[in-house]
Amino acid sequence: MLIRRALRTAPVVLAATVAGLLLTALPAAAHVEVKADKAQAGASDVTVSFSAEGESSKAGIASVKVALPAGIAPADVSYVSGPTGWTLAADADGYTVSGPALAAKKNADYVVKVAKLPADAKELTFKTLVNYTDGKVDRWIDAPGTDNPAPVLKLAAAAPAATTTAPSAPATSAAAGPTTEAAATTAITEPADAVNDEGDSSSAPWVALAVVVVVALAAVLFFRYRRRNSGTS
């Protein structure tokens with residue numbers, strides 16, 4: 001009885017164990033999100049939105065510092081909008097947005113504009129430090145799949161360059177025209193009897209083969225007919 005019950009409950013226990021292992025193995029989600037209206041390499045005047053999650057239940061976010069990825073200079077970034085009273089200040093490797101402290105657990109959502117994205121980039125990583133009023137700092141600076149992943153903006157491939165106008169034909173091509181035209185005229189005016197002779201000689205074997213097939217088929221039908229009549233007589 002006990003063995004039978006254990007066998008019935010074993011699949012449930014195994015499923016729960018596997019689910020627990022999978023949940024603990026999943027990487028932590030990024031707590032700073034980034035998105036753009038034109039997420040394409042080489043795009044210009046791109047509006048980039050960030051959302052830094054307020055994770056402290058006791059202190060609010062006072063500032064957010066971002067290290068810009070290669071190919072984007074601090075001077076290329078301008079402030080669009082954010083929490084009331086917040087402003088953007090450029091620094092050596094990026095910028096900092098700051099202002100009156102937000103309420104505890106409130107996200108810091110802000111928007112910037114980037115003059116131009118790198119033309120050869122496939123993704124852009126914005127390493128971010130979220131500073132709280134109590135001195136705590138959330139460091140979202142690590143690789144994706146880790147406990148503290150930096151926000152990453154995936155980019156589509158750059159638009160293809162405009163097709164250049166084909167160069168004009170060299171002057172010598174005009175002289176080559178009559179020669180080509182004369183060759184075509186010669187081919188068209190080739191004697192018709194030569195073409196007909198080739199056609200007749202090429203079709204002769206097929207005519208002979210068709211005659212042989214017809215004769216053989218007639219012979220087979222004839223012998224079958226004779227055999228059938230002889231059997232019924």
Subset of region 49-72 that is of a type in the set (Ser, Thr, Tyr) and assigned to a loop (DSSP other than H, G, I, E, B) - its residue that is surrounded by the fewest Cβ atoms within 10 Å (Cβ to Cβ): 57
Of all residues in region 76-104 being in contact (Cβ under 8 Å) with a residue 40 or more places away in the chain and open to solvent by 50 Å² or more (accessible area, probe 1.4 Å), the one that is farthest from residue 140 (Cα to Cα): 76
Counted residues, region 142-158 - those being touching a residue at least 60 places away in the same chain (Cβ under 8 Å), in a loop (DSSP other than H, G, I, E, B) and not acidic (Asp, Glu): 9
Positions within region 121-141 being under 9 Å from residue 67 (Cβ atoms), within 24 Å of the chain's Cα centre (by Cα) and in a strand (DSSP E or B), in sequence order: 125
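Answer yes or no as to whether residue 110 is open to solvent by 60 Å² or more (accessible area, probe 1.4 Å), under 18 Å from residue 37 (Cβ atoms) and of a type in the set (Phe, Trp, Tyr). So that I can check it myself, show each step before the final result.
On the way: open to solvent by 60 Å² or more (accessible area, probe 1.4 Å): no; under 18 Å from residue 37 (Cβ atoms): yes; of a type in the set (Phe, Trp, Tyr): yes.
In short, no.
The values are calculated or read from the model by the stated rules, or taken from the named source; none is laboratory data. All of these numbers come straight from a predicted model, not from anything done at the bench. Please note: Cβ atoms are built from the backbone with ideal geometry, for glycine as well, and neighbour counts cover all protein chains shown. Areas reflect the complete protein model, heavy atoms only, side chains present, ligands, DNA and RNA absent. Shrake-Rupley method; radii C 1.70, N 1.55, O 1.52, S 1.80 Å.
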